[in-house]
Each structure stands twice: as C-alpha cells, then as structure tokens.
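Let me begin by presenting the structure, written as structure tokens, before commenting on it.
The values are calculated or read from the model by the stated rules, or taken from the named source; none is laboratory data. Just so it is clear, the structure is predicted and the values come from calculations on it, not from any experiment. As a convention, Cβ positions derive from the backbone with ideal geometry for all residues, glycine included, and neighbour counts pool all protein chains shown. In case anyone asks, the SASA skips ligands and DNA or RNA and just uses the protein heavy atoms, side chains included. Shrake-Rupley method; radii C 1.70, N 1.55, O 1.52, S 1.80 Å.
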Amino acid sequence: MLSNTKESMNISELMLRSEEEADFIPIIPLNESEGETNDGIDIPGIVPLLPLRNTVLFPGVVIPITVGRDKSIKAVQEAYKADKLIGVVAQKDSTVEDPIVADLENIGTVAKIVKLIKMPDGGTTIIIQGRSRFIIRSITDEDPYFKASIEVLQEAAVPVSDEFAAQVSNIKDMAAEIVNLSSNIPSEAAIILKNIENPAFLINFVCSNLNAEIREKQKLLELNDIKERAGQLTQMLQKELQFAELKNKVTNKTKVELDKQQREYFLQQQLKSIKEELGGDTNEREIKDLQKKAESKQWPVSAKEAFNKDIQKLERMHPSTPDYSVVYNHADLMLDLPWFEYSEDYYDLRKAKKVLDNDHYGMAKIKERILEYLAVLKLKGDMKSPILCFVGPPGIGKTSLGKSIAHAIGRKYVRLSLGGMHDESEIRGHRKTYIGAMPGRILQSLRKVKTSNPVMILDEVDKVGNDMRGDPSSALLEVLDPEQNNSFYDNYLELEYDLSKVLFIATANNLQNIQPALRDRLEIIDLSGYAVEEKTEIAKRHLIPKQKEAHGLKNINFKISDRVIEKIIQDYTRESGVRELDRMLASVMRFLAKEYAMKEKLKPVVSARDIEKILGKPKYSNEIYKTANMPGVAVGLAWTYVGGDILFIETSTSDGKGELKLTGNLGNVMKESATTALTYLQANASKYGIDPKIFEKKTIHVHVPEGAVPKDGPSAGVTMMTSLASSLTGKRVKPFLAMTGEITLRGQVLPVGGIKEKILAAKRAGLKEVILCSQNEKDVEEIDSAFIKGMQFHYVKHMSQVLDIALNNKEKN
C-alpha cells in the first residue's frame, strides 16, 4: 500500500486505543509493504535485549521508543554501533522499574534500529522495526545490559484458501469500522487499512495497534500459526467493536441530551431577557418549589387561599423589587408552620408518673395536676390544654419541670424567655410592611419544633416589661386565654392560628408583678422552697451524680454522707432552691478532681473536716440568735421573691420628746405597722406594766438591719409590737423564737401569706418556736411533718397572747 511512497507517515491517530494509554507511536514502514522480511540480514545467535514496559513489538511494525533506563541506553548504543539489531521483549509487570531475568517474557521480536535520535533534554529516542520473532534459550549476560542466546522462530506459511482470505477481509472490515466509530481516529486510517495487501503484515499491524492488555498481545505474538493468530485477533476485534458501538451510542445519546439542554437554556435566557425588559420574574424555580411543597401540605382553606395569592403576586413581581422577599418569606412561613401536625401523647399514667418522679423530687401538687390532665385527655380524647403557672422562688426547678412534663407526655419542648421583653410585637409579630418584619416568637417556636401541640414554657412571665413600644403582657392575654387562643392572630401571618392544643406553662417568682387580667387566666400552682431533708435527697439523686460526671469523677468511688450534705446546706447556703448548693458541690468536686489528678487516689468518705478545708469556714451560723438575745430585739419572718428569710427588729429608747424614729429602708406599710404597734402599747400601757409617761419623755427608735435592702409588708406587725414591748418593759424575748403576723389597733393578729417559705427559713436558721395567727394553722398542716420535726408552733388570735409567749418575765434588764 505504501511501498511506492518515499516518506513516512505518523499514524498515532490510527491506533485502536486511546492515545493516553500508549507510551509509543506505531507507524507503518514505508519502505516495505510485505510485512516481515529479513532483507538478507543475518541474525546473530546472541543479541542484546531491550525490555519494554508498555507494548509488544510485532514483525514488520515500526515504532519509536524513548529509552530512559541506563541498561537500556547502553544496550541500544552497543547495538547501534554494531549490526543495529536488538532483541525486544515485553515485561511481565510494567510497574517494575529495574527488571530481572524472571520479569522478562520468553518470546520477543528481533528489531532493527532504523534511527537513533539524541533529544534536547538529554534523552534517547530510537525508531525500530520488527524483523523476526525469537525465543530466548538462555541469558548470557546481565551486566551492563541483558544479552541472550536466541533462536529465531520461523513463521508458518500463509494459507491459500477462501476461508482464510475471508477471515483476513473480516479483520480488515472490523478494524475499519472501529476506526469509523472512534472519533479520536482520523478517517484516513480506514483507507490505509484497506490498502494493506499482505495478510501477515495486516494481522501484525492490527495486533500491534489493538486496544488490549499487554498480556493478551503477548499471547498473540507467541502463536506460530498465522491462522490461529487471525482467529484470536478476530475475537478480540469483535469485543472491541461492540465496546466502540456502545461507546458511540452513549456519546450520541449524551450529545442529544446536551443539545436539548442547550436549546432549553438558550430559550430560557431569551425568555429571561424578555421578562427583564417587561419587569417580570426570573425566579420561577423558587416559585415551583413552593408550589410543589404546597401540594402535600395539610392546612386550612384560609391558609391555602392566602398562599395562592402570594404565588400569584410572586409570578407578577421581579425578584429585585423590595416586596418580592416580603411576599416570598410570608409564603415560606405558611408552608413551614405545622397547621394540623400534632405529636402523639403518651397516655400511660404510671409511666408518666415514674418519669416525673425520676426527674424531680417532691412537687406533688404539680405532678398530680399533670396526671389529671393526662387522665382527662385519655378518657375524652381531646380537650383544651390548661394554662398553668408555676410560682416559687428561684432555683427550685420550675423551668426544668416543664421539660420533664414534655418528656413524660411525649411532646416536643420549647422555651420562650419573657424576662425583659418590652415589645408586644415579640408576641404578635410585626406587620409585613416594616423592613425586617418577622412573625412573633410564639409562631417562630412552633415553626422550629414542627408540631402544634408542644409544651411551651413561658419563662419569667412576671418580668415582662412595659413601655411606649407596647405591653407584651397584654398581648399574652389572647395567647393564654383558652376561649380565645384557638384563633390567635399574628400580625405578620395575617391569619388565625389554633394554639388551643399547646400546653402553656408559665413560671414566675412573684405573683404580684403579673398583670391582674393575665393572672386571672392562669391556673396558679405554688411551689415553695425546699426543706433541708428535700435538698439532701435532691443532692443525692441529682446534683452529686451530675457534678461527678461534669468533673470526670463518674467512675471514681467515694461517698458523701447525708450529715456532710446537711452541713453544706446549713453552713454554706441560705436559699429556697438548690442553685447555691449546686455551686458548693461543684467546688467540692473540683477539689476532689485535683486531688485525684495529683495523687491518683481519693479518700473513700468525704468528712465534715474535708468540707471546711475545701469551702472554708462556715458562712452562716445560728449562734447569732443567742448573742442577739437582749431586750428590744425580736426575730421576724419575711417572704421574698427568692423564698423565706428571717429579719431582726431592734428597738432602743433614749431621752427625748416622745418621737418615733424608723430606720432600715422601710416601706410605708411597714412604717404604719410600727405606728400601729406603738399606739396599741400606749393605749394598753398599764396592762403590760409600762409607765405611760415614758412615751412623752423618751425617743423610741426602731431599726431593721440590712438597711440597703428595701423592706415592706404587714407581716412584721407582731414582731414590731414584741420588739417595742421588750424594750419598754426591759424583758428579753424568748431565745430561738420567730414570729409573723399582721396587727390591728385593737390588738388582733391577722393571717399573712408565704407561711411555708417563712417556716422553712426559720428551720434553716435553727429557730425552734414560731408564733403564727390561728388562721394560718391550715398552711402549716400542708407542710410535710418530717420537714418541721422538732419545731413548736404557737397559734394566737390576740397580741396579748404573743407577748405572754414571747417575753420572759423572769429576766429583766
């Protein structure tokens, strides 16, 4: 085919494999058309060997080789200087960089070095032409390069038969078809294949350029029978042709898909340009996403209509307009809200009670109320959720109890902190016309938990602010009214939303700070402070395990006895809750963690002496009530938002004009109580052995210590009276005695509130007797008798009874 041409033609493109998989470029020898000939060259018995990593050389084929290995370069140079003949063999493993004899194939091809080219980068490239196949009989030398004793293999004669001619023609046609199907091979290659007349050269040429593994090509080279080689080649070409057809089919299919996408993209761009000119919307994908979500959404008809209106607006609006994001966010909110989505309640009352008991110690009232709610829900199947309000001092677990309730009944939990809130829009939402408008925090919370019946904690409802921006507590009236909250209206949503299935639980420290109309809507459940015994149990069950885990001591065995826990409670804390106790226990755990880290062991029991070493000397002591036992000093009980507390009331007389001085940052009600007490004593001076003239000649000074703390309320009336009487009569007040109650001008003792907190405060302070109004007896009976063990209560109706109990007639100044 090319025998009459005087120039060589690079046919790297003619390869039946991709260019990336080849390290050489096969070319057709242009000075031969008859394939393999020896041209009268005498092939010696010993030849240098050139191992090739990535190809197999067939007789008659010319290929360029870039030689890089030192052994190979030396072999090529020596052969080129001599007869230019070299034995080319393939490596069994192409990854081996420095092959040994065992790495070489046994059969190769004797090649003639047609040209040796020194490359600019210092490398060597040779062009070699395959001559005859050979078999290695032995390796005669391995250094400086391989030399082998070889035996030339004689090719079998080319069969002269119609069958073989048909087989060769089939090989030619299949090779040409592969060329036509492969886009990376030029069409001229098919013409070159068609013009090859020599069957042996055709078979060798196609074998050399076949896209196959090196091992497969080596097997073809090793076949002596040209007919058998043609048969194997035909099978391999059929596989390659099938692969090329499949690849062509996939390519055409992808091309069609790409053409379709490009057409759609072009049309979309044109449509976009037209809409931009008309001021239309370019974000159709966003709108389609919203519509797709809306297809499966369960919501009221009013919400669906509002959503469709928003979609119609979005379709007419351009994304760059300010209103676009407002309308889009509104539609997105309606999709995200859980309109008819509810979590399933657990109706197992025993399990709910167990969960509540495990999470919190005590609090029987609240637990009973939750179980009642669950029982009704179980029997009726549906009911409006109650609006509960837990009122009590800080640190007793009001908020965490809400989370425990959610866990017990199987509902989602969400907390809304109302402390310091001033803007009613935080509850009802902002109108959409404002920049940065958003829904109220009620709907935001429902959107977050994705259910319409969560347990929602309204934390610190008594600390809601009130200023020119609005009154959030008034906005809460609708939220917390069971008759109204089934149609709660949010200004941003502009639709009614059903909140009747939400279990609202408000928490507060001081009931007096809650707006009366709001307080009327709440079911108040009072939570009083903990007794020492309760705190001990809470510390053992919850606080100590929590702090041990928090400080890496979970697996370390040591014990803190009840007596030691009580010492921490009584000597280092004065609180109704357990937050300060938790901090004290954390201090103990930090100390123990440091000890263990340094010494790698701990004492098995933490003693009271260890506690003083860790926490220092006791902060609180009951000795003060012994040293303060002098005429004119009485101990009262007070209620504060952090629980009960004790306070001293001191009275002193001095020469003067009968004035009454009141100090200690007292409120008006407390000042009036002091005036009332003094007037009563003046009116009944002779009855109590007081000289009436003393009220004209003496200045009476009443002081309540801790002057920086504001104090007010009527419950210190009996204490004021006792303190005045003690000072004026010179009789000491009975030690370890506390009292509380309001007085009248006629000497009657009236009931007061906060009894449990006050009594627990007296118990914490080590007081042993308490004087109360007889009508407060029912409040004392509600306290667990174990918590007030060892205390004595005096129930009185008149002030004379108070003075009879309080003043020790045997001791005078």
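Within the range 417-436, can one find any residue that is open to solvent by less than 40 Å² (accessible area, probe 1.4 Å) and closer than 27 Å to residue 380 by Cβ? No, the conditions are met nowhere in the range 417-436.
Candidates 297, 292: the one that is assigned to a loop (DSSP other than H, G, I, E, B), of a type in the set (Lys, Arg) and either closer than 30 Å to residue 532 by Cα or at pLDDT 85 or above (or both) is 297.
For residues that are among the small types (Gly, Ala, Ser), farther than 20 Å from residue 750 by Cα and outside any strand (DSSP E or B), scanning just the range 643-697, find the one that is farthest from the chain's Cα centre (by Cα). Only one residue fits best here, namely 686. On the stretch given as the range 469-484, residues that are part of a helix (DSSP H, G or I), farther than 15 Å from residue 444 by Cβ and in contact with a Phe, Trp or Tyr (Cβ under 7 Å, 6 or more places away or on another chain) total 1. Answer with yes or no whether residue 613 is in contact with a helix residue (DSSP H, G or I) (Cβ under 9 Å, 6 or more places away or on another chain) and either part of a loop (DSSP other than H, G, I, E, B) or under 19 Å from residue 362 (Cβ atoms) (or both). Answer is no for this residue.
In summary, residue 145 fulfils each of the numbered conditions (1) open to solvent by 30 Å² or more (accessible area, probe 1.4 Å); (2) in a loop (DSSP other than H, G, I, E, B); (3) touching a strand residue (DSSP E or B) at 6+ places or on another chain (Cβ under 7 Å) with the single exception of condition (1). Could you tell me how many of the residues in the range 655-682 are open to solvent by 50 Å² or more (accessible area, probe 1.4 Å), in contact (Cβ under 8 Å) with a residue 60 or more places away in the chain and among the hydrophobic types (A, V, I, L, M, F, W, C)? Within the range 655-682, residues that are open to solvent by 50 Å² or more (accessible area, probe 1.4 Å), in contact (Cβ under 8 Å) with a residue 60 or more places away in the chain and among the hydrophobic types (A, V, I, L, M, F, W, C) number 0. Evaluation of residue 185 against the conditions (1) surrounded by fewer than 21 Cβ atoms within 10 Å (Cβ to Cβ); (2) part of a loop (DSSP other than H, G, I, E, B); (3) at pLDDT below 80 shows that the sole unmet condition is (1). Please go through the range 307-335 and give me each residue that is open to solvent by 40 Å² or more (accessible area, probe 1.4 Å) and under 16 Å from residue 439 (Cα atoms), ordered by number. Those that are open to solvent by 40 Å² or more (accessible area, probe 1.4 Å) and under 16 Å from residue 439 (Cα atoms): 325, 326, 328, 329.
Under the condition of being open to solvent by less than 30 Å² (accessible area, probe 1.4 Å), assigned to a loop (DSSP other than H, G, I, E, B) and closer than 22 Å to residue 484 by Cβ, the residues counted in the range 510-530 number 2.
Here residue 86 meets the list (1) in contact (Cβ under 8 Å) with a residue 12 or more places away in the chain; (2) open to solvent by 10 Å² or more (accessible area, probe 1.4 Å); (3) among the β-branched types (Val, Ile, Thr); (4) farther than 22 Å from residue 229 by Cα almost entirely, failing just condition (2).
A search for C-beta distances below 6 Å between a residue of the range 708-720 that is under 18 Å from residue 681 (Cα atoms) and open to solvent by 30 Å² or more (accessible area, probe 1.4 Å) and any residue that is hydrophobic (A, V, I, L, M, F, W, C) and not in a loop (DSSP other than H, G, I, E, B), counting only pairs 6+ apart in sequence or on different chains, returns 714/669. Pairing residues of the range 432-451 that are within 22 Å of residue 422 (Cβ to Cβ) with residues that are in a loop (DSSP other than H, G, I, E, B) and open to solvent by 20 Å² or more (accessible area, probe 1.4 Å), at Cβ distances under 6 Å and at least 6 apart in sequence or on separate chains, gives 437/430.
Applying the criterion of at least 2 residues that are buried (at least 18 other Cβ atoms within 10 Å of the Cβ), on the phi > 0 side of the Ramachandran plot and without any contact (Cβ under 8 Å) to a residue 24 or more places away in the chain to the helices (runs of 4 or more DSSP H) found wholly in the range 336-415 leaves an empty list. Give just the number: which of (1) under 20 Å from residue 635 (Cβ atoms); (2) buried (at least 17 other Cβ atoms within 10 Å of the Cβ) does residue 690 not satisfy? Only one criterion in (1) under 20 Å from residue 635 (Cβ atoms); (2) buried (at least 17 other Cβ atoms within 10 Å of the Cβ) is unmet by residue 690, namely (1). For the range 485-509, name all the residues that are closer than 12 Å to residue 303 by Cβ and either part of a strand (DSSP E or B) or more than 31 Å from the chain's Cα centre (by Cα) (or both). Result: 494, 495, 496, 497. Contact map, the range 460-482: first residue of a type in the set (Lys, Arg) and crowded, with 17+ Cβ neighbours inside 10 Å, second residue modelled with pLDDT under 80 and assigned to a helix (DSSP H, G or I), Cβ cut-off under 8 Å, separation 6 or more or different chains; the map is empty.
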